[in-house]
1. So how do 109-122, 53-66 stack up, highest first, on mean other-Cβ count within 10 Å?
2. Determine, from the Cβ-Cβ distance of Thr49 and Phe95 and an R0 of 35 Å, the FRET efficiency 1/(1 + (r/R0)^6), rounded to the nearest 0.05.
3. Got a sec to turn the phi values of region 31-45 into Karplus ³J(HN,Hα) couplings, 6.51 cos²θ - 1.76 cosθ + 1.60 with θ = phi - 60°, whole Hz, x for Gly and Pro?
4. Among rounded, prolate and oblate, which fits region 18-129 when a ≥ b ≥ c are the square roots of the eigenvalues of its C-alpha gyration tensor, a/c under 1.5 means rounded, and a/b larger than b/c means prolate?
5. Can you give the accessible area of Glu28 in Å² (nearest 10), computed on protein heavy atoms with a 1.4 Å probe?
6. Quick one: what does P(r) look like for the chain with 5 Å bins over all Cα pairs, in whole %?
7. Using 7 Å Cα-to-Cβ label points, what is the Gln26/Arg162 separation (nm, one decimal)?
8. Just by accessible area at a 1.4 angstrom probe, what is the order of Lys29, Lys217 from largest to smallest?
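The values are calculated or read from the model by the stated rules, or taken from the named source; none is laboratory data. Everything quoted here is computed from the prediction, not taken from an experiment. Glycine also receives a Cβ, built like all others from the backbone with ideal geometry; neighbour counts cover every protein chain displayed. For accessibility, only protein heavy atoms count, side chains too; no ligands or nucleic acids. Shrake-Rupley method; radii C 1.70, N 1.55, O 1.52, S 1.80 Å.
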Amino acid sequence: MEKDTIRLMIVDDEALFRQGISLLIQREKDIVLVRDFSNGRELLEAFTTLEELPDIILMDLNMPEINGVEATKQVHIKYPQIKIIALTSYNTKAFIVNMIQSGACSFLKKNSSPSELVNAIREVHQKGFYYNSEVMEALHQNLTEPKKKVSSIFDANHISKREKEVLELICQQYSTPEIADQLFISSRTVEGHRNSLLLKTGSKNTAGLVVYAIESKIVDTNYLKDRFD
């Protein structure tokens, strides 16, 4: 397996859906489907014997035994390096926000186009998250309400000017090398700022940083929505 190949797993109780995703992924040279499971319990049990972890999990949310919401939380606690793309037929705005805050790096409806799914997998692998315009709208509406509070031990004033610049570029979906080029710093320095932001904001991952930036009004959500349209 090539070094840059994206290792993918699918967790979904619909066999036909899993087979369809498998056929789709077979056409992509940079993505390989390593395992699939029919529910969260099977996935969590398999982790005890896996020799190599996946890079990304496509996680259905409505499954028997252990559903995708609970499985996402457990995977994120035990294996925070694994990125999860939540898949569902339901897309209420509050539910989208809850899944992002639980550790999902992206949220897609099951009727999304094949091209959007493949693009989301690559974006999540390269940049840590993928939000389409629908998710951005949900974040905008649910996280900018007056009574919402930023879930962080620091307020936005504790973030340095450089960290804010990095955060703004992260929200605009720039990769680490692209941020480094924009700010004339090294990729290692960018990662240092990213790690500092994770610590200061209490975010679980890069997707969580975007949520924090919107909650704190560090970024203009209307501008972000336009970029994701």
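1. 53-66, 109-122
2. Step by step, r from the Cβ atoms, then E = 0.60.
3. Along region 31-45, the couplings run 10, 10, 7, 9, 7, 9, 9, 9, 6, x, 5, 4, 4, 5, 5 Hz.
4. Working: a/c = 1.33, a/b = 1.04, b/c = 1.28.
It is rounded, given that a/c, with a ≥ b ≥ c, falls under 1.5.
5. 40 Å²
6. 1, 7, 15, 18, 20, 17, 12, 8, 3, 1
7. About 5.0 nm, to one decimal.
8. Details: Lys29 200, Lys217 145 Å².
In descending accessible area the options line up as Lys29, Lys217.
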